[in-house]
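The values are calculated or read from the model by the stated rules, or taken from the named source; none is laboratory data. Not measured: the values here are computed from a predicted model. All Cβ positions, glycine included, derive from the backbone under ideal geometry; neighbour counts span all protein chains shown. Ligands, DNA and RNA are excluded from the accessible area calculation, which covers all protein heavy atoms including side chains. Shrake-Rupley method; radii C 1.70, N 1.55, O 1.52, S 1.80 Å.
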Amino acid sequence: MEALILAAGQGTRLRPLTNHKPKCLIEVKGISILEYQLSALKRAGVSNCIVVTGFQGDKIEEQFGSCFEGMAIDYVTNPQFEDTNNLYSLWLGGSQLDDDVLLIESDILFDGLLLEDAMSNPHYDVAVVDTYRQGMDGTVIFAEKDIASSMVLKSRQSPGFDYQDALKTVNIYRFSRATFRLMLLPNLGDWVDRGFTDQFYERVIANSQTKKGLNTSGLRFIEYKK
């Protein structure tokens, strides 16, 4: 199992805290968000992690170097971080992976046991979700039992959208090697080739149900309990 952390963004919504540092280096009780994540990955048994950097990426590399508590860290730079979104960062970093993948965005804090649950889940492809509550913002999943039946981006949640059975994605996914390399990466590549580098990667997942075999109906979920 390898990990991919997306950390290229500018963190504009956290300014002025992010005026001079990436949001993943913001500290919570004296420890940066990224250090929390790397510690959780190490405890879960991940041996290799790729971090996609962009804004102030040199500060991330300076702080963590090429190894964290015995876990190898490699860096991939998104030189177009100002004009692209996480779809492009995922495509850049994902091309370096050749195993099952834990995908994490660098601005979230979570209980480290969550990653162990995701890794030990008997299903190949897993999304971590939370019960939707008023005030949450972004992509949601609808499911039948523990299988995702659809993924709805924020842009498609019109006024009056029914959130009664919605589950909120929390930007932690586990993908099998086959799903990631044979289905997700080719779909990402198609979007990049067509110039849609300013999109969220969830849009690729949500729109890939009939293309190259990637189907949200194969995505299981773990409900995140705070």
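Among beta bridges from DSSP that stay inside region 1-108, the antiparallel ones total about 20%. The residues neighbouring Phe68, those whose beta-carbon lies less than 15 Å from its own, together hold a net charge of -4 under the Lys/Arg +1, Asp/Glu -1 convention. Region 1-55 has equivalent-ellipsoid semi-axes of 23, 14, 6 Å, by the square roots of 5 times the alpha carbon gyration tensor eigenvalues, sorted largest first. Leaving ligands, DNA and RNA out of it, report the carbon-plus-sulfur percent of the accessible area of region 114-160 at a 1.4 Å probe. For region 114-160, the apolar C and S fraction of the accessible surface comes to 49 percent. Taking Cα centre as origin and charging only the Cβ of basic (Lys, Arg, +1) and acidic (Asp, Glu, -1) residues, the dipole magnitude of the chain rounds to 440 debye.
Lysine pairs in the chain whose alpha-carbon atoms fall under 14 angstrom of each other, counting only those eight or more residues apart or on distinct chains, come to 5. Listed options for semi-axes √(5λ) of the Cα gyration tensor in Å are (i) 25, 19, 19; (ii) 75, 14, 11; (iii) 33, 24, 13. The value calculated from this structure is the one marked (i).
Principal axis extents of the Cα atoms in region 112-195, from largest to smallest and rounded to whole angstrom, are 38, 37, 24. Length available on full extension from Ser66 to Asn19: 0.36 nm per residue minus the Cα-Cα distance, which gives 14.4 nm.
Multiplying the residue separation of Met136 and Glu116 by 0.36 nm and removing their Cα-Cα distance gives an extension gain of 4.7 nm. As a test, work out the antiparallel percent of DSSP beta bridges whose residues both lie in the chain, rounded to the nearest 5. Antiparallel bridges: around 50 percent, rounded to the nearest 5. Reducing region 46-113 and region 139-188 to their Cα centroids gives an inter-centroid distance of 21 Å.
Once the Kirkwood radius over Cα pairs is known for region 33-145, the Stokes-Einstein relation at 10 °C and 1.306 mPa s delivers a diffusion coefficient of 101 µm²/s. Skipping prolines and chain starts, which residues have an amide H placed within reach, meaning under 5 Å, of the one on Thr77, given they are 5 or more residues away or on another chain? Here Thr53 satisfy the definition.
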